[in-house]
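Inspection log for the structure reproduced underneath, given as structure tokens.
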Amino acid sequence: MKHTVSLKQNHQFRRLYSKGKSAVSPTLALYCRKNRLGYSRLGVTVGTKVGKAVRRNRTRRRIREAYRIHEDAFLPGYDLVAVARVRAGHARFGELERSLLQLMDKLHLLRREGKGP
């Protein structure tokens with residue numbers, strides 16, 4: 001991830017859950033909040049309901065990869081937390097990728113090409 005740092009601390013996740021905007025899909029829930037930094041920070045949460053450790057880690061890697069591939073299309077300067085829902089554990093990569101893009105669009109975090117500066 002070129003312009004993105006990982007969110008790791010519990011208080012950062014809690015702040016996003018309580019004060020951030022959110023959008024949900026059948027596979028993901030996405031929380032976002034503008035930060036004062038020039039770059040974005042991403043956190044990924046996968047609960048034990050998704051499956052055992054192998055499935056949870058695979059789901060986490062797929063969400064990070066979907067974000068990394070489309071990182072240039074997202075607006076910088078946001079804290080993001082992607083929460084995998086139970087269906088994410090059985091979803092194909094393309095479905096997770098499509099879901100992430102839809103949620104980013106719903107939260108108005110996609111760059112709009114052709115619009116002013």
query = Which one of the conditions (1) within 13 Å of Thr4 (Cβ to Cβ); (2) touching a helix residue (DSSP H, G or I) at 6+ places or on another chain (Cβ under 6 Å) does Leu28 fail to meet, given that it meets all the rest?
reply = (1)
note = Restricting attention to segment 23-58, the residues that are at pLDDT 90 or above and farther than 16 Å from Glu71 by Cβ number exactly 24
query = Looking at Ala82, is it surrounded by 17 or more Cβ atoms within 10 Å (Cβ to Cβ) and within 20 Å of Leu16 (Cα to Cα)?
reply = yes
Scope segment 93-108; condition outside any loop (DSSP other than H, G, I, E, B) and either open to solvent by less than 60 Å² (accessible area, probe 1.4 Å) or within 14 Å of Leu75 (Cα to Cα) (or both); matching residues = Gly94, Leu96, Glu97, Ser99, Leu100, Leu101, Leu103, Met104, Asp105, Lys106
request  = Pick out the one residue from Lys52, Lys21 that is within 14 Å of Val83 (Cβ to Cβ) and of a type in the set (Lys, Arg).
outcome  = Lys21
request  = Only one of these is among the charged types (D, E, K, R) and over 21 Å from Arg112 (Cα atoms): Arg56, Arg41, Arg68, Arg33. Name it.
outcome  = Arg56
key: Counted residues, segment 46-78 - those being in contact (Cβ under 8 Å) with a residue 24 or more places away in the chain and open to solvent by less than 70 Å² (accessible area, probe 1.4 Å)   = 19
request  = Name every residue in segment 30-45 that is open to solvent by less than 10 Å² (accessible area, probe 1.4 Å) and of a type in the set (Gly, Ala, Ser), in order of residue number.
outcome  = Ser40, Gly43
query = When you scan segment 3-14, how many residues do you find that are open to solvent by 80 Å² or more (accessible area, probe 1.4 Å) and closer than 21 Å to Arg85 by Cβ?
reply = 2
task = May I ask you to say which residue of Ala88, Ala53, Ala66, Ala82 is of a type in the set (Gly, Ala, Ser), more than 18 Å from Phe13 (Cα to Cα) and within 10 Å of the chain's Cα centre (by Cα)?
result = Ala66
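The values are calculated or read from the model by the stated rules, or taken from the named source; none is laboratory data. All values derive from a computational prediction rather than experimental measurement. Note: ideal-geometry Cβ built from the backbone for every residue, glycine included; neighbour counts use all protein chains shown. In case anyone asks, the SASA skips ligands and DNA or RNA and just uses the protein heavy atoms, side chains included. Shrake-Rupley method; radii C 1.70, N 1.55, O 1.52, S 1.80 Å.
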